[in-house]
Structure formats: structure tokens, C-alpha cells
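Have a look at the structure below, then the notes.
The values are calculated or read from the model by the stated rules, or taken from the named source; none is laboratory data. Bear in mind that the values here come from a model prediction, so they are computed numbers and not experimental data. In this analysis, Cβ positions are derived from the backbone assuming ideal geometry, glycine residues included, and neighbour counts consider all displayed protein chains.
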Amino acid sequence: MKRTKIIIANWKMNLTVPEATVLLSKYLKEINFHFSEVVVCPSFIDIYSASEAVAGSEIALGAQDAYFEDRGSFTGEVSAAQLFGFVEYCIVGHSERRQLFGETDKTVAKKAAACVRNKITPIICVGETLHEKEDGLTNLVVAGQVEASLAELTPSEVAKSIIAYEPVWAIGTGHVCSAEKAEDVAKKIRNLVKVLYGEGVSEGVRIIYGGSLNNKNVHQFLNKNNLDGFLVGGSSLDHEVFAGIVAKVEESEAKIGIRKVSKTKVRSSSKGKTKKK
Ligand code: PGA
């Protein structure tokens with residue numbers, strides 16, 4: 001099965017609203033793609049204006065997190081139900097959330113389910129720390145996180161989700177994981193999904209890599225059977241570097257020659273009206 005490659009920009013908490021607006025307008029001008037998908041994940045405060053800016057373009061929006069309850073007395077939280085209509089994707093269980101904000105596999109599983117319930121594709125992050133890697137625990141840790149984080153999804157929901165393998169020691173450090181190792185972990189994740197949910201699901205789920213990726217090292221990760229794209233942090237804050245990453249993926253996909261199905265988006269204000277309960 002041919003899975004469409006996806007390149008996701010995670011801007012984290014790096015930009016003010018005016019800065020995010022400027023960067024997004026550069027993305028819209030400079031990033032061209034026909035074979036892969038491109039997603040931008042800005043801060044919550046930028047999502048409304050970003051959804052207006054990307055309307056009519058091929059760039060999709062994602063959130064960086066979402067709370068698992070739909071509504072209620074949860075001061076400061078933003079729910080997947082509130083994000084519905086504005087984003088198509090949402091990162092859940094990023095290692096920064098797991099490490100700095102105490103997120104567990106259990107909350108990640110609930111967040112993934114809340115996204116799916118609200119028609120948002122979860123990007124479920126997993127990955128081992130440096131200590132775990134040095135202790136030879138990578139496969140064990142990643143398998144545990146994958147199994148527990150998918151626990152609240154049905155097989156068909158898993159098939160449509162995205163799993164991001166992001167070794168914690170590679171995030172924002174400049175120490176990129178070798179492409180062979182990333183492919184090996186992705187292959188093991190796909191195998192585990194096959195054991196848990198069957199072959200059809202394992203062939204559908206997209207598994208991507210993240211961690212110190214840039215326009216100079218991305219080529220190593222292309223043409224790997226089990227890697228379906230990238231989650232890009234630091235390099236996504238530079239429009240030229242990010243455009244370079246997308247261009248390399250596009251070049252490689254053009255050789256295979258299957259264009260993705262085009263999804264022109266409607267404006268956010270009309271999207272919210274179509275939600276089905
Ligand atoms: P990085 O971050 O590309 O800056 O390493 C990746 C991520 O945290 O998603």
C-alpha cells in the first residue's frame with residue numbers, strides 16, 4: 001500500500017502572533033508540494049488566524065496538544081472538541097509534554113481518543129530517553145508506549161493515525177538518529193501494530209521520524225520502507241530550511257509519481273457547522 005508522505009512543522013512555543021503570521025505567509029509563498037502532505041502546528045493562540053490564512057491552500061493545520069475532556073471546568077486547557085473545524089491534526093504525547101508536564105501513556109491514550117472523536121488525526125509521539133537508549137531499552141520502551149497510547153482506539157482508528165518516533169535524545173540536540181536505526185524502530189512499531197490490530201491496520205498507519213532533522217540530513221531518511229514522513233521542530237522555524245526539507249521529500253516522491261488526492265480547505269467559520277455527533 002502506498003502511504004502519502006507527511007511533513008509536520010512543530011513550531012512549539014517559539015513565536016509571537018505577528019511572527020507566526022509572517023512565517024506562515026512565507027510558507028504559503030515558498031512551499032510547493034503535490035505528492036506529500038504538509039502540516040503546520042502553531043500555538044493555540046495562532047490557530048484561528050492560521051486557519052483563515054491556510055484556507056484555500058494545501059497546507060493543513062495541527063495543534064500541539066489537546067485536552068481529553070470535550071468541555072468543563074478545566075482552567076487553561078483547550079479540548080479537541082474546541083479545535084474541531086480549525087485543525088485536521090493534533091500532536092499528542094510529545095516528549096516535552098511527557099517530561100515537563102507529567103503526561104503518561106494513559107493520558108496520551110485518552111487524548112488520542114478525544115482527537116479521533118472530534119475528527120482530528122492524532123500524531124502520537126513515542127521515543128526513548130538517552131538513559132533508556134544506553135541501557136538497550138529502546139525497543140521495549142517504544143513498544144510499551146505504542147501499545148498503551150493506542151489502547152483507546154479501534155483498529156480502523158489506528159489505521160488512520162500517525163505514530164511519530166522521536167528519540168528524546170535527538171530532539172533539539174543536533175544529534176540526529178541514524179536513518180537505519182529510525183527505520184528499524186519504525187519497522188518494529190509496524191510489526192507490533194500488525195500483531196495487535198492486523199496487517200491491514202499496520203499497512204495503513206503512518207510512522208514518521210522526528211529529532212534534529214534538517215534540509216542537509218533529510219535525504220538519508222528517504223526511501224525507507226517504514227518511514228512515512230517527518231515531525232520537524234527547530235528547522236521548521238526557518239522557512240528556507242523547512243521548504244528545503246519538503247522539496248527533498250517531493251523530489252523523491254515524484255520519482256514514484258503518485259500524486260496525493262488534493263484537499264482544498266474551506267474557511268474555518270463554515271467548517272464548524274458540519275460536525276456529526
Ligand atoms: P527538533 O524537534 O526537530 O527541534 O529536534 C522535533 C520535535 O520536537 O518534534
- prompt: Could you say whether any residue in region 206-214 is within 14 Å of the ligand (Cβ to nearest atom), part of a helix (DSSP H, G or I), buried (at least 24 other Cβ atoms within 10 Å of the Cβ) and not acidic (D, E)?
  reply: no
query: Do any helices (runs of 4 or more DSSP H) lying entirely in region 1-86 carry at least 1 residues that are at pLDDT 95 or above, touching a helix residue (DSSP H, G or I) at 6+ places or on another chain (Cβ under 7 Å) and under 25 Å from V249 (Cβ atoms), and which ones are they?
result: 17-30, 44-54
query: If you check V218, V195, V201, V185, which single one turns out to be under 30 Å from S79 (Cβ atoms), aliphatic (A, V, I, L, M) and modelled with pLDDT of 95 or more?
result: V201
message: Exactly one of these conditions fails for I7: (1) of a type in the set (A, V, I, L, M, F, W, C); (2) within 16 Å of the ligand (Cβ to nearest atom); (3) surrounded by fewer than 22 Cβ atoms within 10 Å (Cβ to Cβ). Give me its number.
response: (3)
message: Every residue in region 149-163 that is surrounded by fewer than 22 Cβ atoms within 10 Å (Cβ to Cβ) and either under 15 Å from the mean Cα position of the chain (by Cα) or within 16 Å of the ligand (Cβ to nearest atom) (or both), please.
response: A159, K160
- request: Taking L227 as meeting all but one of (1) away from the ligand (no atom under 12 Å from the Cβ); (2) aliphatic (A, V, I, L, M); (3) not in a loop (DSSP other than H, G, I, E, B), write down the number of the exception.
  value: (3)
task: Starting from region 82-97, take each residue that is within 12 Å of the ligand (Cβ to nearest atom) and list its partners that are hydrophobic (A, V, I, L, M, F, W, C) and part of a helix (DSSP H, G or I), counting only C-beta distances under 7 angstrom and pairs at least six apart or across chains.
output: G93/V108; S95/V168
message: I'm trying to understand the selection: among the residues of region 87-99, which are among the hydrophobic types (A, V, I, L, M, F, W, C) and in a loop (DSSP other than H, G, I, E, B)?
response: V87
message: Where the second residue is more than 12 Å from the ligand (Cβ to nearest atom) and part of a loop (DSSP other than H, G, I, E, B) and the first is within 12 Å of A186 (Cα to Cα) and charged (D, E, K, R) and lies in region 205-216, which pairs have Cβ atoms under 9 Å and are six or more apart or on separate chains?
response: R206/R3; R206/T4; R206/K5; R206/S161; R206/D228
query: What is the number of the single condition among (1) under 18 Å from the mean Cα position of the chain (by Cα); (2) buried (at least 19 other Cβ atoms within 10 Å of the Cβ) that L23 does not meet?
result: (1)
- request: Just give me the residues in region 235-256 being of a type in the set (G, A, S) and either more than 12 Å from the ligand (Cβ to nearest atom) or surrounded by fewer than 18 Cβ atoms within 10 Å (Cβ to Cβ) (or both), in sequence order.
  value: A243, G244, A247, S252, A254
- line: Taking region 215-234 and the residues there that are surrounded by 22 or more Cβ atoms within 10 Å (Cβ to Cβ) and more than 15 Å from the chain's Cα centre (by Cα), the one that is farthest from E199 (Cα to Cα) would be V218
message: at pLDDT 95 or above and within 16 Å of the ligand (Cβ to nearest atom): is that true of E166 in this structure?
response: yes
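Mind checking which residues of region 133-148 are more than 16 Å from the ligand (Cβ to nearest atom) and either of a type in the set (A, V, I, L, M, F, W, C) or touching a residue at least 12 places away in the same chain (Cβ under 8 Å) (or both)?
Passing the criteria: L137, T138, N139, L140, V141, A143, G144, V146, E147, A148.
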field: Complete set of residues in region 230-277 that are at pLDDT 90 or above and outside any helix (DSSP H, G or I)
entry: F230, L231, V232, G233, D238
- request: Working only within region 180-205, note down all residues that are within 16 Å of the ligand (Cβ to nearest atom) and over 19 Å from the mean Cα position of the chain (by Cα).
  value: K181
